[in-house]
């Protein structure tokens, strides 16, 4: 019987160890910044009850859901009762509603976990991927000031990720809905359909979106389409320019004025939070296609890689958990699709080759001296240096080859001559140099080298 060909299903990202270290470093960076802004960790089960997960039957969401069953546990024809989560927002809604009386509000949580979607198999689209979310949930009300905190977090994350210049783009759904009302597009459902088309501007282009809005089922007059296209082309070039563009809209009053006033207040707080004005802008085409966004919305783009699209998005919603509780729980949040972001950055050549998390390999020079090698490894580990010991006899050249392939920078050698002199011989595979260092100074010396290398990588 021939062996089964080893393979993964389409739509998953499986990494080699050094790539995994780089990806884990990205997640650690995101987590670190989330925690610095006072967000608390939450994890929810990968599997939820399907009636909880699918608050509305039918539609695109349900077609992408992976239903779960244990072999033989369901009779043929039964609807599956369990499903894999397709995002982190619905589980958060359930979590907050379930633990409402145990939580303090505003509730600030971050969540970094895998989600699952039955996406069509295509390059850059994933069926299993990490999402990194933060949300602030209020009880009955939530100040607009929290909307301004989100760009500050985004800015801290992407500065720390060191992916080059980026722009956080902001808009307000009230503003764009109010503009539609001024054009006679007052029906909320029709507004939502137009918003979804506007949200496709970056993907489809101005001419394609304009043609769609002029055709059925929209059938908007050409003058209305032109006004919409002109409005959504609005971009600011600096803080003062953004305020100047919002001022006449705020003066118009109504929903349009309310959205403009909220956006002005958010921009003032964003500036006060220390986000450089070169790194944020208003963009009236940002709509976010999801229906539950009601106010401020965000998208973040890498300036040098516009083809990547938004690398972080989110917005304001008025009632997170309306399907699970009668309490009103408004909130605001953002999400980073970490798996897709990592893949895109790797494709663009922005992911640096990671260093192994193991810094030192203690070589085996003579099997009878193994206890000496183990003792040296223990000294290094107690000093906080990740260390591996060569446990089986092997030619020294092969040990060097192994360490190089595994990404281990230093090989420590402790033979009889070194022990007699109280030193350790160290081969630096990165520099191709070998040196001796006093054994009691070994950990300190290696720590200095590792810290200098980390500082260079952070530049």
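Of all residues in the stretch 260-309, those satisfying the criterion of being farther than 20 Å from residue 238 by Cα and in contact with a strand residue (DSSP E or B) (Cβ under 6 Å, 6 or more places away or on another chain) are 288, 292, 293, 294, 295, 308. Assigned by TED's automatic domain parsing to the domain that holds residue 44 and either surrounded by 19 or more Cβ atoms within 10 Å (Cβ to Cβ) or outside any strand (DSSP E or B) (or both): does that describe residue 122? So residue 122 passes the test. I'd like the residue in the stretch 395-418 that is at pLDDT 95 or above and more than 26 Å from residue 440 (Cα to Cα) and, out of all such residues, is nearest to the chain's Cα centre (by Cα). This residue is 402. Please work out which residue is farthest from residue 332 (Cα to Cα), limiting yourself to the stretch 98-119 and to residues that are part of a loop (DSSP other than H, G, I, E, B), touching a helix residue (DSSP H, G or I) at 6+ places or on another chain (Cβ under 8 Å) and at pLDDT 95 or above. Across the stretch 98-119, the extreme among qualifying residues is 103. If the condition is being over 22 Å from residue 137 (Cα atoms) and loosely packed, with under 14 Cβ neighbours inside 10 Å, then the stretch 34-52 contributes 49, 51.
Any residue at all in the stretch 358-381 that's at negative phi, part of a helix (DSSP H, G or I) and within 24 Å of the chain's Cα centre (by Cα)? Within the stretch 358-381, none of the residues are at negative phi, part of a helix (DSSP H, G or I) and within 24 Å of the chain's Cα centre (by Cα).
For the stretch 294-315, the set of residues classified as over 19 Å from residue 132 (Cβ atoms) and either buried (at least 22 other Cβ atoms within 10 Å of the Cβ) or not assigned by TED's automatic domain parsing to the domain that holds residue 137 (or both) consists of 295, 296, listed by residue number. Taken together, the criteria place residue 209 among residues that are under 30 Å from residue 338 (Cα atoms), part of a helix (DSSP H, G or I) and assigned by TED's automatic domain parsing to the domain that holds residue 111.
I'm trying to understand the selection: among the residues of the stretch 382-403, which are surrounded by 18 or more Cβ atoms within 10 Å (Cβ to Cβ), assigned to a helix (DSSP H, G or I) and touching a residue at least 40 places away in the same chain (Cβ under 8 Å)? The answer is 403, and nothing else. Can we say residue 286 is within 25 Å of residue 48 (Cβ to Cβ), out of contact with any helix residue (DSSP H, G or I) (no Cβ under 6 Å at 6 or more places or on another chain) and either in contact (Cβ under 8 Å) with a residue 60 or more places away in the chain or part of a strand (DSSP E or B) (or both)? Here the answer is no, as residue 286 does not meet what is asked.
The values are calculated or read from the model by the stated rules, or taken from the named source; none is laboratory data. As the structure is a computational prediction, the values presented were derived from the model and not from experiment. Reconstructed Cβ throughout: ideal geometry from the backbone, glycine too, with neighbour counts over all protein chains shown.
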